[in-house]
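For reference, the structure discussed in these notes is given below.
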Amino acid sequence: MRFHRALFPVAALWVGSMLMSSLSVAQTVPLELKVSATPKKISPDLFGIFFEDLNFAADGGLYAELIRNRSFDFDATENPSWNALTGWDRVERGGRGALSVDATVPVHANNPTCAVLEVFEPGDGVGMSNAGYDGIAVTEGEAYDVSLLARHLYSGNRWGGPRQENVVAPATPPRAGERGPILVRLETKEGELLAEASLAMPGKEWTRLTATLTPTRTDKEARFVLLMNVKAGVALDMISLFPKKTFRNRANGLRADLAQHIADLKPRFVRFPGGCLVHGSGVGNMYRWKDTIGPIEERKGQANLWRYHQSMGLGYFEYFQFCEDIGAKPVPVVPAGVSCQNSGFTGGTGQRALPMEEMPAYIQEVLDLIEYANGPADSTWGARRAAAGHPEPFGLEYLGVGNEEHITPAFKERFKLIYDAVKAKHPEITVIGTVGPSWQGDDYEAGWAFTREQKIECVDEHYYVAPDWFWDHLDYYDKYDRNSATVYLGEYAAHDDGRRSTLRSALAEAAYMTSLERNGEVVRLASYAPLLGKHRRTQWTPNLIYFDNTSVSPTINYEVQKLFSLNAGDELLPIEITSDADASKREGKVQWTASCVRDSATGDLIVKVVSRSDAALPVRIELGGLASSNAKVIRTVLSGDPLAENAFGVPASIRPVVTEQTVADIHAQPLPPHSLTILRIVKKN
Ligand code: AHR
């Protein structure tokens, strides 16, 4: 047995030999827990989130932009069926024209192509339409900002022909009530008008044109339509449609409802932007942070490793801003100078490395990121942050380097260069290394050996395993060396049959999270993965939150994450079993587990008990002098059919039930079968 009672008394919770005689009968011997009065400090940052643009989590998801391919930069190297006009359709309303692509005068070197709209015969308008990401959802009475860059190419005939009358002068705004030469509209998919605004003919240089559209009714699948009603040619780029209402009303911001669900998790940190997305499919596809900041037309979109286009509209500034808005610490992850080992679908052999001669510049790029986050507003990169509207530093404390890499000599050589440079210049930053994609195996072993050798301070572990694995490994971190690196459990989830988000999977995660608390001096951070999955666009299951263009559907696993986060503590109070009632095992299987933490800010004591037993479980909790018998207890219970899930599009069947009682009442109620029970003993009534 690996359990050492003297060192980790709380593990005694699940160690026992008495088997439950019958599961159909409620257990009658109460479970007796004694909470120790001697606290031990644990990580105050334990429960956070991991965001990756997978399953259309960013573009088409959290990032509030409603136009797909606003920059005309999709191309066949990203997806063989794509071109620069993917997402756009030519529209001819009784007229005639052409829609093409041009690269002669780009708006910026990072944004090489634009669209050219030419109207030969205006009719009732010639132009282009965009259906967004599976339709554009608009709400009656809400304002939507249109913004685009345009350049007047010519009026009348492009190549000679008769002289044109009534040519529209560039840059002359339409008078009030007058329809301008360019119209922007929201329409139903059948073409009914929902909102319309006029734009002036742009000047000869790239000109920003803006308007606001307020639809007269709600439509889940609207289209954005741009029409020109004069004979002319214009170049167009960065055609954007953005809801005015974003999360915290940030410009270039996030979808409010989705962001609010994330904020409600009260995560202590946000790991971003990936995942495999970070190290990318080949060295040319790594996520380079400098490509993601500044005006949106200057950002460099690229193929997403998950096989769609990343606009980079949600870039490093927006990530930092979001973290600040929700009170979470940013945990950015940069590539370790090597690409994903599965690049090009090579099944583990595709890792490619940046040439060594490129490493000095790459290392500088990593150091520049720290300056961008934390440097003074008059430093080179701090000034870029200030120019984006945030002169104050973002307070970066953590930096991830690499993501579950294959631990090769090329990886180790590059990681060490980056690690040493960051620690030399910024000893205040906690650098997080990586130990492969599993809780065991060659990369795990090699990653840990390298971690110990290099004295890396914290490492990122990942595992996606069956619910039983979590119950079977509640002692996983008990055996970790307290004098070596701390752990960031950066990605984990219980994968139940069919990869469904069942209560059974959520309780397995809850059980494991009590063990993370019990080991909170070695496990510093932990985040479920992945966070978001767009309905019908999901590439990976399960995810914590599902959504479509108008609704958000949190899983039971989300409820667990939220309950742990809202009931986190920074001190552990070990629990001991004081009775002989440890019926925690049935046929050798642990049936329940528990933890107790204190939140030093409020003084509240929080006991969590997770049971996967089919039987109700009477419980006695001895709090000694820690709380008086009339102290208020907020009891939160999540329980039900272990195979139930809160499926997308149907009302949630499993929700936390909150009641209030006193310490004296705790024992009157047994723990329900298949449950997470949280008893928050409130210090100040
Ligand atoms: O969370 C989904 C993926 O799983 C991540 O991108 C990767 O790090 C892991 O393999």
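Matching residues to (1) open to solvent by 20 Å² or more (accessible area, probe 1.4 Å); (2) over 22 Å from A232 (Cβ atoms):
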residue	(1), (2)
F74	no, yes
W82	yes, yes
W88	no, no
E92	yes, no
P106	yes, no
A115	no, no
G123	yes, no
N130	no, no
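Is there a residue in segment 205-226 that is under 20 Å from N111 (Cβ atoms) and part of a loop (DSSP other than H, G, I, E, B)? Explain how you work it out, then say what you get.
The first filter runs over segment 205-226 and keeps only residues under 20 Å from N111 (Cβ atoms), leaving 205-210, 224, 226.
Filter again for part of a loop (DSSP other than H, G, I, E, B), leaving 205-206.
The answer is yes, given that some residue of segment 205-226 is under 20 Å from N111 (Cβ atoms) and part of a loop (DSSP other than H, G, I, E, B).
Among the numbered conditions (1) more than 29 Å from Q341 (Cβ to Cβ); (2) in a helix (DSSP H, G or I), tell me where P427 comes up short.
So the condition that P427 fails would be (2).
Going by the conditions given, is S595 open to solvent by 50 Å² or more (accessible area, probe 1.4 Å), touching a strand residue (DSSP E or B) at 6+ places or on another chain (Cβ under 7 Å) and of a type in the set (S, T, Y)?
The answer is no for S595.
Identify the single condition in (1) surrounded by fewer than 23 Cβ atoms within 10 Å (Cβ to Cβ); (2) in contact (Cβ under 8 Å) with a residue 40 or more places away in the chain that P202 does not satisfy, given that it satisfies every other one.
So the condition that P202 fails would be (1).
Is one or more of the residues making up segment 245-262 in contact with a helix residue (DSSP H, G or I) (Cβ under 6 Å, 6 or more places away or on another chain), within 16 Å of the ligand (Cβ to nearest atom) and either under 30 Å from A195 (Cα atoms) or open to solvent by 30 Å² or more (accessible area, probe 1.4 Å) (or both)?
No.
Quick grid of which residues meet (1) open to solvent by 10 Å² or more (accessible area, probe 1.4 Å); (2) within 16 Å of the ligand (Cβ to nearest atom); (3) without any contact (Cβ under 8 Å) to a residue 12 or more places away in the chain; (4) closer than 23 Å to S527 by Cβ:
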{"position": "G274", "(1), (2), (3), (4)": "no, yes, no, yes"}
{"position": "W306", "(1), (2), (3), (4)": "yes, yes, no, yes"}
{"position": "G313", "(1), (2), (3), (4)": "no, no, no, no"}
{"position": "V331", "(1), (2), (3), (4)": "no, yes, no, yes"}
{"position": "V334", "(1), (2), (3), (4)": "no, yes, no, yes"}
{"position": "F345", "(1), (2), (3), (4)": "yes, yes, yes, no"}
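Yes or no: segment 446-456 includes at least one residue that is assigned to a helix (DSSP H, G or I) and crowded, with 24+ Cβ neighbours inside 10 Å.
yes
From (1) in a loop (DSSP other than H, G, I, E, B); (2) touching a residue at least 40 places away in the same chain (Cβ under 8 Å); (3) within 21 Å of M513 (Cα to Cα); (4) of a type outside the set (K, R), pick out the condition that doesn't hold for I432.
I432 satisfies every listed condition except (1).
Might you check whether a residue that is of a type in the set (G, A, S), more than 16 Å from the ligand (Cβ to nearest atom) and not in a loop (DSSP other than H, G, I, E, B) occurs anywhere in segment 518-541?
No, segment 518-541 has no match at all.
Is it the case that some residue within segment 626-636 is surrounded by fewer than 22 Cβ atoms within 10 Å (Cβ to Cβ) and free of Cβ contacts under 8 Å to residues at least 24 places away in the same chain?
no
Which one of these is buried (at least 20 other Cβ atoms within 10 Å of the Cβ), of a type in the set (D, E, K, R), touching a residue at least 12 places away in the same chain (Cβ under 8 Å) and assigned to a helix (DSSP H, G or I): D460, D443?
On inspection, the qualifying residue turns out to be D443.
The values are calculated or read from the model by the stated rules, or taken from the named source; none is laboratory data. Note that the structure is a prediction, hence the values are computed from the model and not measured. With ideal geometry, Cβ positions are generated from the backbone for all residues, glycine too; neighbour counts draw on all protein chains shown. What goes into the accessible areas is simple: the full protein's heavy atoms, side chains included, and nothing from ligands, DNA or RNA. Shrake-Rupley method; radii C 1.70, N 1.55, O 1.52, S 1.80 Å.
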